[in-house]
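Below you'll find the structure, written out as structure tokens, and then a few comments.
The values are calculated or read from the model by the stated rules, or taken from the named source; none is laboratory data. All of these numbers come straight from a predicted model, not from anything done at the bench. Reconstructed Cβ throughout: ideal geometry from the backbone, glycine too, with neighbour counts over all protein chains shown.
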Amino acid sequence: MRFQDNAFILFFLASFCQYVHGARAVHRPKEKMTTSEEVKPWVRTIYGSLNEIVTPTVIAGVTFSAKPDPTPNPLQPWVSLKKDGTPQTIKPEIKKGRTQKQKPDYSTYFKTATMHTFSYEELKAVNMDPNDVHEEEEFVDEDDTYVSLNPIIRCTPDRYFSKGPAKDIPSEPFCTPRENSDWKVGKTYFVTWYTRFFEDENSDTVADKVRVHLSYVKEKSVEMGNHKRDISGTFFTSEWIDNVDGLLPIEIKEDWLQNTYERRIIVSVQPYNIPDEDFDPRLNGVLLYIRMGSKVYKPTKEQLALQDAGISDDKWYYIALSIPTVVVIFFVLMYFFLYANGKNRDFTDVTRKALNKKRRVLGKFSEMKKFKTMRNHKYTELPSYKKTGKQN
């Protein structure tokens, strides 16, 4: 075998060994303690005269129903949510006399608009006639008796995101999680929605109870072009909860994966006034992934494009895993083939034929069209110089 063949094979094997050595195994997340624990209860008075014992609860590091400070603090930390629904604490600060990162203002999103009619006797305005009336729109604040105990940012329409393959579909009623987010086993994520979205058009009343569904989604490669998805079944359904909260913490269980590393699911919220047979989780649901653990690699641009397009199929993983094996087998067979036929290889005939094809007979210069007009001189007609004495 020639030296070039040996060098090429050794270089490939060294590169492959380096690639395998640099790979890391997937580590399962360690078991964590429960995300909920009891803290000291406290007493408050609600609706003027009713006493209530409040028991704070800690979920994913966030304390709900905590006892408020005696005096309002504009720099009181509050909890925001990342794209996947994990909490992060925001600490307001004062810079150049202005408070930055302060708790969000929800404007009129949770207020009720009413028309108040004023008579002349009520206003007695100087520019009103005794028979005139004045109508003015007013916004009535919501009952924050229990909403005030929630430290997490609330979902409002200005926090909607765009979803779908073309990113042209509003995420209503959801603010978190974002589409194609990763939910990992053992962690807790918050699903948040705009509570006023579930308002009855006929009665103008908002649904008081809702429940959250998690359903499997199976996407087949033959259906990817049409973006069709088959809802295999709902594997998680919460109890009926108060819609006024607008959120639900969900801890991801390992058995939801059904002995796989990853599953595609859809999150949906069902209001109390819609029966089960009329509820479609695909109508306003959000697609995302539940995974066994952290990834050991960053997704490529092609993988991100597939996720944005909503494409997921187990065949992609099988193909990705089989490519390195096929490459190794190919080069091993090539090595033994070259080794076995090293003495029988002779390429001199091939190279000789190739060189002969490149050779051309030019012929005489006088017969070429390009040089016919040129006047050739004999060698004897060239100028000559006599040698001087010094040169002798």
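Points worth noting:
Per-residue answers, yes or no, for (1) in contact with a Phe, Trp or Tyr (Cβ under 6 Å, 6 or more places away or on another chain); (2) in contact (Cβ under 8 Å) with a residue 24 or more places away in the chain:
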{"residue": "His116", "(1), (2)": "no, no"}
{"residue": "His134", "(1), (2)": "yes, no"}
{"residue": "Thr145", "(1), (2)": "no, yes"}
{"residue": "Asn150", "(1), (2)": "no, yes"}
{"residue": "Lys163", "(1), (2)": "no, yes"}
{"residue": "Lys184", "(1), (2)": "no, yes"}
{"residue": "Val191", "(1), (2)": "no, yes"}
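- Looking across region 258-292, the residues that are surrounded by fewer than 16 Cβ atoms within 10 Å (Cβ to Cβ) and over 17 Å from Arg211 (Cβ atoms) come down to Gln258, Asn259, Thr260, Tyr261, Glu262.
- Hits in region 169-215 - residues which are in contact with a Gly (Cβ under 6 Å, 6 or more places away or on another chain) and either farther than 23 Å from Ile252 by Cα or modelled with pLDDT under 95 (or both): Thr195
- Qualifying residue in region 110-129 (condition: in the same structural domain as Leu75 (by TED's automatic domain parsing) and within 30 Å of the chain's Cα centre (by Cα)): yes
- Flag if Leu149 is closer than 25 Å to Ile46 by Cα, touching a strand residue (DSSP E or B) at 6+ places or on another chain (Cβ under 9 Å) and not aromatic (Phe, Trp, Tyr): yes
- Scanning region 100-135 for residues that are among the polar types (S, T, N, Q) and closer than 20 Å to Arg154 by Cα, we see that the one that is surrounded by the most Cβ atoms within 10 Å (Cβ to Cβ) is Gln102.
So that you can scan it fast, the table gives a plain yes or no per residue for (1) over 20 Å from Tyr146 (Cβ atoms); (2) modelled with pLDDT of 90 or more:
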site	(1), (2)
Pro72	no, no
Leu81	no, yes
Gln88	yes, yes
Arg98	yes, no
Gln102	yes, no
Lys111	no, yes
Glu122	yes, no
Val126	yes, no
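- Filter pass, Lys95 being out of contact with any helix residue (DSSP H, G or I) (no Cβ under 8 Å at 6 or more places or on another chain), among the basic types (Lys, Arg) and closer than 30 Å to Gly186 by Cβ: no
- Residue count, region 63-101 (criterion: of a type in the set (Val, Ile, Thr), outside any strand (DSSP E or B) and touching a residue at least 24 places away in the same chain (Cβ under 8 Å)): 1
- Some residue of region 265-273 being without any contact (Cβ under 8 Å) to a residue 40 or more places away in the chain and either assigned by TED's automatic domain parsing to the domain that holds Glu201 or closer than 21 Å to Asn202 by Cβ (or both): no
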